[in-house]
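Everything on this sheet refers to the single structure shown next.
The values are calculated or read from the model by the stated rules, or taken from the named source; none is laboratory data. Keep in mind that what you see is a predicted model, and the values were worked out from it rather than measured. Methodologically, a virtual Cβ is constructed for each residue, glycine included, from the backbone with ideal geometry; neighbour enumeration extends over all protein chains shown. Protein only, heavy atoms only, side chains kept; ligands, DNA and RNA dropped before computing areas. Shrake-Rupley method; radii C 1.70, N 1.55, O 1.52, S 1.80 Å.
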Amino acid sequence: SIECANMIYLKQTLSVSSYEGVRKAISYNSTTSQSLDRANNILTARNINNATITFNPPDVSTVSKGTQITVTVSAPCSANSSLPLTIFSGQTLTVSTSMVKE
């Protein structure tokens, strides 16, 4: 049950990171770098290891108003586990959030 709680925490953190990253990305005059920083700040604050963040489209500063932007955040379960061997070994959690450019 401890490990399941850890993975719920990981999934929720990935969700918040993805949400914050895309909220920044859809803002007027926002850049991918600024959005990446916003998403990474959440992951760093919550001690998430080996996460990857991707943007679609990759350069949010060139996206026209009304275009959908998606931020995907992934992290391996094993790198974020508090136990050495778990039922989540070898798995990766992924969350995507999409919003429309303002």
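Points to keep in mind about this one:
- Subset of the range 1-48 that is more than 27 Å from Thr62 (Cβ to Cβ) and of a type in the set (Gly, Ala, Ser) - its residue that is modelled with the highest pLDDT: Ala45
- Number of positions in the range 55-66 that are outside any loop (DSSP other than H, G, I, E, B), open to solvent by 40 Å² or more (accessible area, probe 1.4 Å) and of a type outside the set (Val, Ile, Thr): 2
- Hits in the range 38-54 (condition: surrounded by fewer than 17 Cβ atoms within 10 Å (Cβ to Cβ) and either in a loop (DSSP other than H, G, I, E, B) or under 10 Å from the mean Cα position of the chain (by Cα) (or both)): Arg46, Asn47, Asn49, Asn50, Thr52, Thr54
- Residues satisfying the stated conditions in the range 1-31, i.e. without any contact (Cβ under 8 Å) to a residue 60 or more places away in the chain, over 16 Å from Gln68 (Cβ atoms) and touching a Ser or Thr at 6+ places or on another chain (Cβ under 6 Å): Thr31
- If the condition is being within 13 Å of the chain's Cα centre (by Cα), open to solvent by 50 Å² or more (accessible area, probe 1.4 Å) and closer than 19 Å to Arg38 by Cβ, then the range 67-102 contributes Thr94, Ser96, Ser98.
- Taking each residue of the range 80-102 that is farther than 16 Å from Ile48 by Cβ and in a loop (DSSP other than H, G, I, E, B) and looking for partners that are among the aromatic types (Phe, Trp, Tyr) and open to solvent by 70 Å² or more (accessible area, probe 1.4 Å) with beta-carbon atoms closer than 6 Å, six or more apart or interchain, yields Glu102/Tyr28.
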